[in-house]
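The values are calculated or read from the model by the stated rules, or taken from the named source; none is laboratory data. None of these values were measured; they are calculated from a predicted model. Positions of Cβ are backbone-derived with ideal geometry, glycine not excepted, and every protein chain shown enters the neighbour counts. SASA here: full protein model, heavy atoms, side chains in, ligands and nucleic acids out. Shrake-Rupley method; radii C 1.70, N 1.55, O 1.52, S 1.80 Å.
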Amino acid sequence: MKIYTDIASVPKAERGISIGVFDGVHRGHQALLRQLLAESHRHGWRALVLTFANHPQEVLNPPPPPLLTTVEERLKRLGELGIDEVLVLPFTEALSHYSAERFCREVLVEELGCRLLVAGTDFALGHRREGTISRLRELGRQLGFQVVVAPTVCHEGQPISSSHIRQLLLSGQIERANELLSAPFRLTGIVVAGAGRGKALGFPTINLQMPSGKLLPRHGIYAGKAHLPEGVWDAAVYIGVRPSFNEATPVVEAHLLDFQGVIPCGISVAIDLLAFVREDRRFESIDALVEQMHADVATVRERLRS
């Protein structure tokens, strides 16, 4: 998959294109993108996704929602789907004022060679979302591209959306969220030094610094898998503010089950969350906390076996 970060670097070619944040690249996105691939390749065109380095709401209606996927995580999932090319652009104030006609003419057709635009039923582009599907079809007839609307994908009678998945994660419904994502929800961060409390209590952890804007799900203990250079390890994952130690800043740390090595600071580690074990809470004594940690690890082992 070719990745471009400015329009000028995109080579001239005929393309099918889809536009959006595609946060999470969930099952609804996947269906749309498979349609983009099928329609584009049927005509011998490249399939390109135009996505954004920042969420458009950062400009249009701040603050933006927390992200299910960082740009890097999103690109990885797009590559796994077989997308030919991705153009990652910053969403700017200037871009937000492009009319639908100007964006279609100057960006899609003249710069990117758009012959096909595949979009969802509620898609719109241009200033104040003037470029509705009907308007885009009119512009397509004028400028030489076709507009195909991908059907909405539903689960249990509800449309699959990034916002719904965020709500599931914030309420601790990790397994339902993973079903809609068609993959485990992933936290990717850089290993940083911690206070060393876990090791002192018999449960050494790796502490991860999360990228800005990444969604953290409901605080508590999770069963997960940690992806390290050494391999993949079962993990008891903690997300929370360590209320027993009167802290306030959310942290992400993981105890790797049966891991005996040393993980240096500075490396990137990805953690897949698979099951919610319990909510975060305060313990009145260290002994009570350690007793609960033993119980949590036993539960994590059981959940991962099942």
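Within the bounds of segment 91-114, is there any residue that is within 20 Å of the chain's Cα centre (by Cα) and open to solvent by less than 20 Å² (accessible area, probe 1.4 Å)?
Looking for residues that are within 20 Å of the chain's Cα centre (by Cα) and open to solvent by less than 20 Å² (accessible area, probe 1.4 Å), one finds none in segment 91-114, hence no.
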In this structure, is Phe145 among the aromatic types (Phe, Trp, Tyr) and within 23 Å of the chain's Cα centre (by Cα)?
-> no
Which residue pairs have Cβ atoms under 6 Å apart, sit 6 or more places apart or on different chains, and have a first residue in segment 241-260 that is within 17 Å of Arg281 (Cβ to Cβ) and a second that is among the polar types (S, T, N, Q) and open to solvent by less than 40 Å² (accessible area, probe 1.4 Å)?
-> Glu253/Asn207
Is there any pair with a first residue in segment 11-36 that is over 23 Å from Leu67 (Cα atoms) and a second that is in a helix (DSSP H, G or I) and open to solvent by 40 Å² or more (accessible area, probe 1.4 Å) whose Cβ atoms are under 6 Å apart and which are 6 or more apart or on different chains, and what are they?
-> Gly16/Glu39
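Filter segment 15-29 down to residues that are surrounded by fewer than 20 Cβ atoms within 10 Å (Cβ to Cβ) and either out of contact with any helix residue (DSSP H, G or I) (no Cβ under 9 Å at 6 or more places or on another chain) or assigned to a helix (DSSP H, G or I) (or both), then give me how many there are. Spell out the reasoning first.
Looking only at segment 15-29, we keep the residues that are surrounded by fewer than 20 Cβ atoms within 10 Å (Cβ to Cβ), and these are 20, 27.
Going one step further and asking which of them are either out of contact with any helix residue (DSSP H, G or I) (no Cβ under 9 Å at 6 or more places or on another chain) or assigned to a helix (DSSP H, G or I) (or both), we end up with 27.
Number of matching residues: 1.
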Filtered residue count, segment 56-84, keeping only those that are open to solvent by 60 Å² or more (accessible area, probe 1.4 Å), over 16 Å from the mean Cα position of the chain (by Cα) and more than 19 Å from Phe123 (Cα to Cα) = 2
For segment 133-157, which residues satisfy the criterion of being at negative phi and open to solvent by 60 Å² or more (accessible area, probe 1.4 Å)?
-> Ser134, Arg135, Arg137, Glu138, Arg141, Gln142, Gln146, Pro151, Thr152, Cys154
If you take the residues in segment 30-55 that are more than 23 Å from Pro184 (Cα to Cα) and assigned to a loop (DSSP other than H, G, I, E, B), which one is least open to solvent (accessible area, probe 1.4 Å)?
-> Trp45
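Quick one: would you say Ala150 is of a type in the set (A, V, I, L, M) and within 30 Å of Glu253 (Cα to Cα)?
No; evaluated as a whole, the condition is false for this residue.
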Could you give every pair whose Cβ atoms fall below 8 Å, whose first residue belongs to segment 80-102 and is farther than 21 Å from His29 by Cβ, and whose second residue is buried (at least 19 other Cβ atoms within 10 Å of the Cβ) and among the aliphatic types (A, V, I, L, M), counting only separations of at least 6 or pairs across chains?
-> Tyr98/Val107; Ala100/Leu125; Ala100/Leu136; Ala100/Leu139; Glu101/Leu139
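Check whether at least one residue in segment 178-194 is farther than 30 Å from Gln158 by Cβ and not in a strand (DSSP E or B), and report yes or no.
yes
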Index of the failed condition, His164 passing every other in (1) surrounded by fewer than 19 Cβ atoms within 10 Å (Cβ to Cβ); (2) touching a residue at least 24 places away in the same chain (Cβ under 8 Å); (3) touching a Leu at 6+ places or on another chain (Cβ under 9 Å) = (2)
Per-region count, segment 180-198, residues in contact with a Gly (Cβ under 7 Å, 6 or more places away or on another chain) and open to solvent by less than 50 Å² (accessible area, probe 1.4 Å) | 2
Condition broken by Phe203, with the remaining ones in (1) open to solvent by less than 30 Å² (accessible area, probe 1.4 Å); (2) part of a loop (DSSP other than H, G, I, E, B); (3) modelled with pLDDT of 95 or more satisfied = (3)
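In this structure, is Ile263 of a type in the set (A, V, I, L, M, F, W, C) and under 22 Å from Leu75 (Cα atoms)? Outline the logic, then answer.
Details: of a type in the set (A, V, I, L, M, F, W, C): yes; under 22 Å from Leu75 (Cα atoms): no.
For Ile263, the condition - of a type in the set (A, V, I, L, M, F, W, C) and under 22 Å from Leu75 (Cα atoms) - is not met.
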